[in-house]
Amino acid sequence: MASDVNASLIVMRWIHFTSAVALAGVFSFRLLVGDPAFKQGGRAGHRIDLGVLAGKLMPIAIAALLLTLVSGTLWLLLQASVMSGQALSRRVVTIVVTQTQVGHDWLLRTALLTLLAVALALRRKQLGSHSRAPLLIAFALAAAELLTLVWAGHAGAARGGRGALEQAADAIHLLAAGIWLGGLVPLALLLATARRAGDEGWLFVARAATIRFSTLAVLSVASLLGTGIVNSWLLVGDLAGLFGTDYGRCLLVKLALFVATVGVASASRLRLVPRLASAPVAPGFEAAWKTIRELQRNIAVEVGLGLLILGVVGALGTLPPAAHRHVHTVQRESGPRAPVGPNPAFVWSERRG
Ligand code: HEM
């Protein structure tokens, strides 16, 4: 029973992190890559309709938003059953939602996602154009939802100066994951649309977007590595913890996947992006389209590896940190550090008589 719940928790965290990263990624890509590349195209005399890209990205944003909402709620219900140690009831859910940090986090995330849904519905037309305000609002709400996950992991239970450092590192870590991993699918969609159009204008935009995204990816990878090292130092502590605990070994799997992902991304950055940037504007642009096909293949591999990394993250947050293998303390109502079984702080069932 406990292992089933734990497996479900890992899957729900995986789905939630993936959809939250995808949601923030759509709007960070538009804001930092897509829209500026179209503007560059416009300045170079290419009249390409941004609405085409916006129209393709909106369904991804809506699907990611709904998946984040549903997975977040199922995650809460799973945690409620773990915390109460009994079958779910209106009483148990009410206690968790109104009296626990987990419940308050869920309320905040649900409020942010509802505001984003309203903003997307009210501003759908403007989001298909170059007006920045609705895009900034959408990005801010999606990024805020992603950042609230700092409190869903070990960082949320940390206190004092170390706690602040862990939470700051986690926040930058999450944002970098959203901008890089979450931006890969929108970039692949832009490149596919450009290839289908096959004209010089779209080639210009595809080239400008690829160069912009590549620079952003380098900054994101550096941020992920830097904050990942800080997180690892705080939550693993030493080599014995890295090789000698489930948490440490899980992190090693993540690091191996990270190295593979950076390997593929570097091949794009060092070989394909320069080739695309210097591809001759010859009739049919064959050399450029061939390079874009190779870029799309690499992006598909990066997305696959990224999904595996987020799967490991799903598990990592349910394991006691290696650095804590010497102490067993009750840190939070229901965080990963709390003991298994009903939390005695609450009266889960109606008192009889
Ligand atoms: C593609 C690269 C990466 C992605 C997408 C990624 C993603 C994430 C996400 C979403 C979290 C969850 C944060 C939370 O639970 O609050 C996380 C936590 C973490 N990451 Fe990464 N990460 C990446 C690379 C790295 C690297 C390179 C390291 C180590 C050098 C690292 C070490 C950690 C640690 C220690 C945590 C804390 C987990 C916990 O709360 O117990 N990550 N990562």
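Just so it is clear, none of the values below were taken in a lab; they were calculated from the coordinates. Computed from a predicted structure; not experimentally measured. Cβ: placed from backbone, ideal geometry, glycine included. Neighbour counts: every protein chain shown.
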Worksheet, complete the sentence: Within the range 115-154, restricting to residues that are over 20 Å from residue 12 (Cβ atoms) and β-branched (Val, Ile, Thr), the one that is farthest from the ligand (Cβ to nearest atom) is 118
Practice prompt. Kindly indicate which of 44, 61, 54, 20 is of a type outside the set (Phe, Trp, Tyr) and surrounded by fewer than 16 Cβ atoms within 10 Å (Cβ to Cβ).
Written response: 44
Worksheet item: Could you say whether any residue in the range 58-66 is farther than 22 Å from residue 250 by Cα and not in a helix (DSSP H, G or I)?
Response: no
Discussion item. Every residue in the range 151-174 that is farther than 19 Å from residue 114 by Cβ and either surrounded by 21 or more Cβ atoms within 10 Å (Cβ to Cβ) or in contact with a Lys or Arg (Cβ under 9 Å, 6 or more places away or on another chain) (or both), please.
Written reply: 153, 154, 155, 156, 157, 158, 166, 169, 170, 173, 174
